[in-house]
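Following: one structure in structure tokens, then a few remarks.
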Amino acid sequence: MRKEVVAPPPDRFAPLRARIPRPRRPSGLPPPDERHRPRIMRAALSLTGAGLAAFFYCLAFTPSLLPRVGYLQGLVAGITAAMGYALGTAIGALIRLRFRFSPRAVRIWWRVLGLLLTPMIATCLWLGVRWQRELRLRLGMPPAQEYDIVRTVGASLLTFGVLLLIARTLRLATHGCAQVFRLIVPDRAAYCAGTVVVAVLSYTAFDGLLVAHLFAVADRSAAVINNGTGNGITVPVSSLRSGGPHSLVPWDTLGRQGRAFVASVPSAEQLAAFAGHPATEPIRIYAGLASADTMTARAELVVREMDRTGAFRRSVVAVFTPTGTGWVDNRVTQSLEYMYAGDTALVSMQYSYLPSWIAFWGDRSEVVDAASALITAVRERWAALPADHRPKLLLFGESLGTYGMEATFGSAGALVAGADGVLMEGPTFANPVHHQLTLERAAGSPVWDPVYPGLPVDFADTASELRDRPGVRPRVVYLQNSSDPIVWWSWDLLWKRPAWLRGERGPDVTPAMHWFPGVTFWQTTCDLLFANKAPTGHGHVYKSATVDGWAAVAPPPGWTTADTVRLRAQLGG
């Protein structure tokens, strides 16, 4: 028997529902059928991201303060290109919120982009090699090999690829979190919540795991190095050195740099041969981190050592604020000992065993406390002597040490009055007194070689320019190379063209260097890491240039420019 099919009753409300407008889908969201697909991440590159990545890649080959070897140039170019890609991707996302482009239009734009970018990148690679060669020759370095460009391109592509992979992994995680949040909140709120969660977790992993681990490893490594002794360094046999016979400071408490400081002293015979008359055995005093428990105790220990050795009966007492590891350049100390034929007492004190850049970003208060404790203790003992029986009191700071000295005195006037002569070598960009003096320089004088009226303070980009200067002898001298990124780095490089790239430039700064927002900041930041690898007189390397500095602030009687030239040759580099 045939089964009869019964039709459903008519829907009386269908015309009414047809007249109700359907809700519009928010702009920028995919259709509902696409939103429920498991498509989490696009495989193709962003068109706007690729364009800006190529543009930033080309900018990375423009010269900065210091030349870079091939692999480092590639690393810088790859990171710079990744920065451009991130910016371009964000711009592309904003464009897609307002406009829709057909697949055919996108393919056409990709072809146009390829035709434009290929010759542009090739030209910038060629110019980059040329600029690096010119910069190396300007700094007295041998030109790089031609095949370095292969290393550069390879390193840049690898760096960009790794960063892109990391970025896409984070994007995948963001979309995954958003899929979970969509179960309880609208789409936009879900994506915002996913972004926040991934950002917080990424920062926590970076800061709490990677950065903290790296600092812990650096701390342990520095501690191990500090306990060692450099090649050729032996226990002093002279009682005029810390760590030697009758010393109040045990040899094994000095630390690696302290042991080098007290042991690397020219002999009286060497000093006499240079001076042309009998010389005196120099005094060197040092307190390491393990020599006493506190900064104040170490400073008091240094003063007791000075009394034991008769340091205040010498012609010169010089206080050195070292770099982060406690290192003092031996050319700086030997300069004074040769100039005064050994009639000197040089003292210093360790405040950290970490490199300066770690100590600077970690805790700058340590260098301030150390400089204040040692300078105050020595000056109080020195000031208690009769005025006509006081030795010449000199102060020296290098790199992070200059920051500690400036923070100790607080102003240029106090610094001038604080000693008979002050030599500052490679001041950091954070130095408060140096910054104020630079801002108040005489009109028309360049920032890299300013003229400061009113106080006996002198600046020198080239140390030899200190010779035979007319006028009052300076009490404070700053040595600052125009190519030293530690002097010229600043946060406002991100958004503002610096004064050292306007008007007359320093002799080290190539005319081909230009300021680009963000890029110049990043390039100068990279220069910081290799500032100590430059030749003498460039970057953060001063060495025997301090002979001119000492001759400017505290020359011995009868000292001449010929003696300065002869001593620089004696010390080398």
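Bear in mind these aren't lab numbers, they're just calculated from the coordinates by the rules spelled out. What you are looking at is a predicted structure, and each value in this text was computed from that prediction instead of being measured. Note: ideal-geometry Cβ built from the backbone for every residue, glycine included; neighbour counts use all protein chains shown.
Between R505 and V112, what's the calculated FRET efficiency when r is the beta-carbon distance and R0 is 56 Å? Round to 0.05. Kindly include the intermediate steps, with their values, before the conclusion.
On the way: r = 38 Å, r/R0 = 0.68.
The calculated FRET efficiency here is 0.90.
Could you tell me the calculated FRET efficiency between T169 and T525, based on Cβ-Cβ distance and R0 = 30 angstrom, to the nearest 0.05? Don't skip to the answer; put the middle values down first.
Numbers: r = 25 Å, r/R0 = 0.84.
Efficiency at R0 = 30 Å is approximately 0.75.
Is the shape of region 260-376 rounded, prolate or oblate, going by the alpha carbon gyration tensor and its root eigenvalues a ≥ b ≥ c, with a/c under 1.5 for rounded and a/b larger than b/c for prolate?
Numbers: a/c = 2.73, a/b = 1.75, b/c = 1.56.
Prolate is the answer for region 260-376, as a/c is 1.5 or above and a/b outweighs b/c.
Give me log10 I(q)/I(0) at q = 0.26, 0.27, 0.28 Å⁻¹ for region 408-484, Debye formula, one equal scatterer per alpha-carbon, no solvent.
Taking Cα atoms of region 408-484 as identical point scatterers yields -1.59, -1.70, -1.80.
With viscosity set to 0.890 mPa s and temperature to 25 °C, compute the Stokes-Einstein D of region 101-204, Rh being the Kirkwood radius across alpha carbon pairs; µm²/s, no decimals.
Details: Rh = 18.1 Å.
It comes out at roughly 136 µm²/s.
When the gyration tensor of region 67-141 is built from Cα positions, what are the square roots of 5 times its three eigenvalues, in whole Å, from largest to smallest?
Sorted largest first and rounded, they come to 35, 15, 8 Å.
So what does log10 I(q)/I(0) come out to for the chain at q = 0.09, 0.11, 0.12, 0.13 Å⁻¹, using the Debye formula with one equal point on every Cα and no solvent?
The Debye formula, applied to the Cα set alone, gives -0.81, -1.06, -1.19, -1.31.
Taking the Cα atoms of region 477-521, report the difference between the largest and smallest coordinate on each principal axis, in whole Å and largest first.
Each principal axis gives a Cα extent; for region 477-521 these are 32, 21, 14 Å.
Less than 12 Å apart at the alpha-carbon level, and either on another chain or at least 8 residues along: which aspartates and glutamates does that give for K533?
In chain and number order, the partners are D484.
What is the gain in length, in nm to one decimal, between D388 and Y203 on full extension, counting 0.36 nm per residue of separation less the C-alpha to C-alpha distance?
Full extension of this stretch gives 60.5 nm more.
Find the all-direction average of the projected area of the Cα convex hull for region 376-430, expressing the result in square nanometres with one decimal place.
Its Cα hull, projected and averaged over all orientations, spans 3.9 nm².
How far apart, in nanometres, would the label points at A189 and W126 be if each is projected 7 angstrom from Cα along the Cα-to-Cβ direction?
Going by the 7 Å Cα→Cβ label model, 5.8 nm.
Ratio of Rg to Rh for region 413-457, alpha carbon only, Kirkwood?
On the way: Rg = 10.8 Å, Rh = 11.5 Å.
Expressed as Rg/Rh, it is 0.94.
Among the DSSP beta bridges whose two residues both lie in the chain, what percent are antiparallel, rounded to the nearest 5?
Once the DSSP bridges in the chain are tallied, antiparallel ones form about 0 percent.
Against the 2.2 N^0.38 Å scaling, with N counting residues, where does region 229-328 land? I'd like the Cα-based Rg ratio to two decimal places.
1.07
Rounded to the nearest 0.05, what FRET efficiency do T229 and F516 have when you use their Cβ-Cβ distance and R0 = 35 Å? Please list the in-between numbers first.
On the way: r = 47 Å, r/R0 = 1.34.
Efficiency, rounded to the nearest 0.05: 0.15.
Provide, in order from the shortest bin, the percent of all Cα-Cα pairs of region 417-542 in each 10 Å bin, continuing until the bin that contains the maximum pair distance.
Each 10 Å bin holds this share of Cα pairs: 12, 44, 34, 9, 1.
Would you work out the Kirkwood radius for region 307-441? I mean one over the mean of 1/r across all pairs of different Cα atoms, in Å.
Value: 15.2 Å, from the Cα pair sum.
Counting pairs of Cα atoms in region 491-559, how many percent are more than 13 Å apart?
So the portion of pairs separated by more than 13 Å is 74 percent.
What is the distance, in nm, between label points placed 7 Å from the Cα along the Cα-to-Cβ direction at W559 and at Q179?
So the label points at W559 and Q179 sit 7.4 nm apart.
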